[in-house]
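The values are calculated or read from the model by the stated rules, or taken from the named source; none is laboratory data. Keep in mind that what you see is a predicted model, and the values were worked out from it rather than measured. As a convention, Cβ positions derive from the backbone with ideal geometry for all residues, glycine included, and neighbour counts pool all protein chains shown.
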Amino acid sequence: MHSHDKELGGPDLDEWVLLVAPFRDDERYLQQFLSIHGIAARTCTAASTLADMLVQQPWTVVLTQEAFTAGNIEAIGASLANQPEWSDIPFIVLLDADKQTNTSVSTLQTLLPSKHLTVMQRPIRTAELLTGIRSGLAARRKQLHVRDYLDMQETMQRELNHRVKNILSNVFAVYHMTVQQSSSLEAFRETFEGRLSALVRVHSMLAASGFRDTRLADIAEQTLAPYTSPQSPERVRAAGAELSVGPASATTIGLCIHELATNAAKYGAFSVAEGRVSLTWQVTEANDERAIELAWEEAGGPAVAKPTRQGFGTMFVRSAIRGLRGHAEFQFLPTGLRCVLRMPSSSLAA
Amino acid sequence: MLILIAEDDALNAFMMEQSLLWAGHSIMGPAGTMAEALALIGQRRPDLALIDINLGSSTSGLDLARDICTRWNIPGLFVTGQIELARAHRAHALGVLPKPFTPQTLCRTVDYLQARLTSRAGGAEPPRRLELFESRDAGN
């Protein structure tokens with residue numbers, strides 16, 4: 001962030017004034033004067049022409065009457081011809097007092113590509129010059145704030161477009177997948193609604209956090225919410241290490257938990273009143289790589305038989321975890337289904 | 001065909017994977033990052049790569065298409081919402097299938113590309129939604 005107005009102290013490295021005062025020692029005096037007041041000033045040299053200096057975007061330009069050569073005017077005009085909408089470099093012009101001054105001023109106003117023009121008559125009063133320059137710097141500071149704000153808006157707009165496309169794409173994917181596996185409209189309706197609700201739940205959570213990292217505990221809570229009830233709190237247990245995952249991973253993990261829960265509701269622990277599900281997670285370390293391990297364990301449900309075909313939800317979980325460079329393991333224990341998801345921590349950053 | 005899926009969205013990747021498995025193809029991946037895709041290719045060469053431009057937090061799908069084309073001559077198809085970007089990188093891909101698409105369109109696209117890549121005569125029409133980058137000769 002840029003510093004604000006300073007009465008004392010050295011010049012801010014970012015803010016600087018361009019001095020074009022070719023007569024004798026004018027530039028040196030001006031530079032010293034400004035330096036005492038904590039304002040950095042630069043001048044043109046043989047190596048850095050006026051055009052070069054203007055490219056570096058001075059915060060304010062101070063020109064004396066002697067600087068108004070045809071060449072300089074042309075250089076100024078050319079360099080600043082394509083300023084963006086928000087940009088209007090302040091100009092301060094120091095003129096001799098004579099009968100011609102008014103004409104000079106109107107000529108200046110047509111020549112200089114700036115609506116931000118201050119004219120001062122020599123001999124210059126230091127207070128006027130100082131406040132004029134400070135005013136120019138302040139104006140430029142505001143302009144740069146506008147620039148930054150516009151950049152941010154543009155970035156956010158792009159981000160938003162990307163997310164909207166992504167969400168719509170997800171809805172299509174859920175629709176197509178569900179259509180393929182549903183043999184009746186009723187089956188489709190129920191499965192589609194369930195998946196869509198899970199999607200909506202996860203996205204609401206992401207939106208609430210501003211699409212930043214989400215706590216794994218919150219994802220678990222949200223996706224298991226349809227299955228928890230105050231009457232039987234032991235039905236669902238979700239606990240584990242305090243950690244957060246990126247937005248894309250949050251959606252993936254959320255959908256995986258949803259599929260596991262849906263299967264539990266159809267065939268497993270959630271299909272009977274006394275069934276219980278425990279979802280726990282931890283951070284493990286092996287071969288210098290940190291990994292996350294989630295364990296889904298069902299108990300108290302109907303007797304489990306290993307399915308002859310993989311269910312749709314199981315296939316999705318396997319695919320999704322593979323996409324996170326991980327591995328999903330399904331164990332059909334006598335007590336109930338046990339599913340362990342392992343993936344590198346680095347995969348969950350996004 | 002052995003097809004590599006480079007897509008970081010789990011739902012989209014799954015849909016593509018299932019559709020293509022159902023149609024009898026074999027799948028590598030899904031790879032959610034360019035690094036992961038390259039690691040998989042290091043183990044086995046796919047016949048075709050389906051590449052989403054946004055892999056992870058960048059547009060590395062573009063680099064992936066270029067890499068697999070120049071290093072191993074593996075044909076790639078962009079599957080993405082960013083059509084303009086895909087077109088700007090036409091030199092390294094067969095074409096672009098815009099998102100969103102149906103599983104049917106995906107399968108017909110893959111069938112069409114398979115025919116072209118194996119130079120099978122047939123004269124089948126490409127699916128309407130598929131945009132081919134005609135400057136590339138299939139089977140190169």
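Structure summary
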quantity: Answer residue from segment A:311-330, given it is under 19 Å from A:SER271 (Cβ atoms) and not small (Gly, Ala, Ser) and is modelled with the lowest pLDDT among those; calculated: A:PHE312
quantity: Unique residue being closer than 20 Å to A:PRO344 by Cα, crowded, with 17+ Cβ neighbours inside 10 Å and more than 12 Å from every other protein chain (Cβ to nearest Cβ) when the list is B:MET28, B:MET34; calculated: B:MET34
quantity: The listed residue being farther than 19 Å from A:SER347 by Cβ and loosely packed, with under 15 Cβ neighbours inside 10 Å, out of A:ALA269, A:ALA198, A:ALA241, A:ALA207; calculated: A:ALA207
quantity: Selected residue [more than 35 Å from the chain's Cα centre (by Cα) and either over 19 Å from A:HIS116 (Cβ atoms) or polar (S, T, N, Q) (or both)] from A:ILE73, A:ILE36; calculated: A:ILE36
quantity: Matching residues, segment A:264-317, being assigned to a helix (DSSP H, G or I) and within 14 Å of chain B (Cβ to nearest Cβ); calculated: A:PHE312, A:GLY313, A:THR314, A:MET315, A:PHE316, A:VAL317
quantity: Residue check, A:ALA198 at pLDDT 85 or above, assigned to a helix (DSSP H, G or I) and within 14 Å of another protein chain (Cβ to nearest Cβ); calculated: yes
quantity: Test set (1) under 20 Å from A:ILE253 (Cα atoms); (2) of a type in the set (Gly, Ala, Ser); (3) more than 14 Å from chain B (Cβ to nearest Cβ) - A:ALA320 fails condition number; calculated: (3)
quantity: Top-ranked residue in segment A:105-125 [being of a type in the set (Val, Ile, Thr) and in contact with a helix residue (DSSP H, G or I) (Cβ under 7 Å, 6 or more places away or on another chain); ranked as surrounded by the fewest Cβ atoms within 10 Å (Cβ to Cβ)]; calculated: A:VAL119
quantity: Selection count, segment B:3-30, where residues are over 14 Å from the mean Cα position of the chain (by Cα) and among the β-branched types (Val, Ile, Thr); calculated: 0
quantity: Selected residue (only one of A:GLU259, A:GLU193, A:GLU274 is loosely packed, with under 14 Cβ neighbours inside 10 Å, out of contact with any strand residue (DSSP E or B) (no Cβ under 6 Å at 6 or more places or on another chain), under 19 Å from A:PHE316 (Cα atoms) and of a type outside the set (A, V, I, L, M, F, W, C)); calculated: A:GLU193
quantity: Failed criterion for A:ILE76 (all others in (1) assigned to a helix (DSSP H, G or I); (2) loosely packed, with under 13 Cβ neighbours inside 10 Å hold); calculated: (2)
quantity: Subset of segment B:1-15 (residues that are more than 9 Å from chain A (Cβ to nearest Cβ) and either surrounded by 18 or more Cβ atoms within 10 Å (Cβ to Cβ) or in contact with a Ser or Thr (Cβ under 7 Å, 6 or more places away or on another chain) (or both)); calculated: B:LEU2, B:ILE3, B:LEU4, B:ALA6
quantity: Residue list for segment A:139-170, restricted to those being more than 14 Å from chain B (Cβ to nearest Cβ) and touching an Asp or Glu at 6+ places or on another chain (Cβ under 7 Å); calculated: A:GLN143
quantity: Residue satisfying all of: in segment A:173-190; at the interface with another protein chain (Cβ under 9 Å from one of its Cβ atoms) and closer than 21 Å to A:ILE253 by Cβ; surrounded by the most Cβ atoms within 10 Å (Cβ to Cβ) among these; calculated: A:ALA173
quantity: For A:SER183: the one exception among (1) under 27 Å from A:PHE312 (Cα atoms); (2) assigned to a helix (DSSP H, G or I); calculated: (2)
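A quick yes/no check of all residues on (1) among the small types (Gly, Ala, Ser); (2) buried (at least 17 other Cβ atoms within 10 Å of the Cβ); (3) over 20 Å from A:PRO247 (Cα atoms):
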{"residue": "A:VAL283", "(1), (2), (3)": "no, no, no"}
{"residue": "A:ALA286", "(1), (2), (3)": "yes, no, yes"}
{"residue": "A:GLU289", "(1), (2), (3)": "no, no, yes"}
{"residue": "A:LEU294", "(1), (2), (3)": "no, yes, no"}
{"residue": "A:VAL304", "(1), (2), (3)": "no, yes, yes"}
{"residue": "A:SER319", "(1), (2), (3)": "yes, yes, no"}
{"residue": "A:PRO334", "(1), (2), (3)": "no, no, yes"}
{"residue": "A:SER345", "(1), (2), (3)": "yes, no, no"}
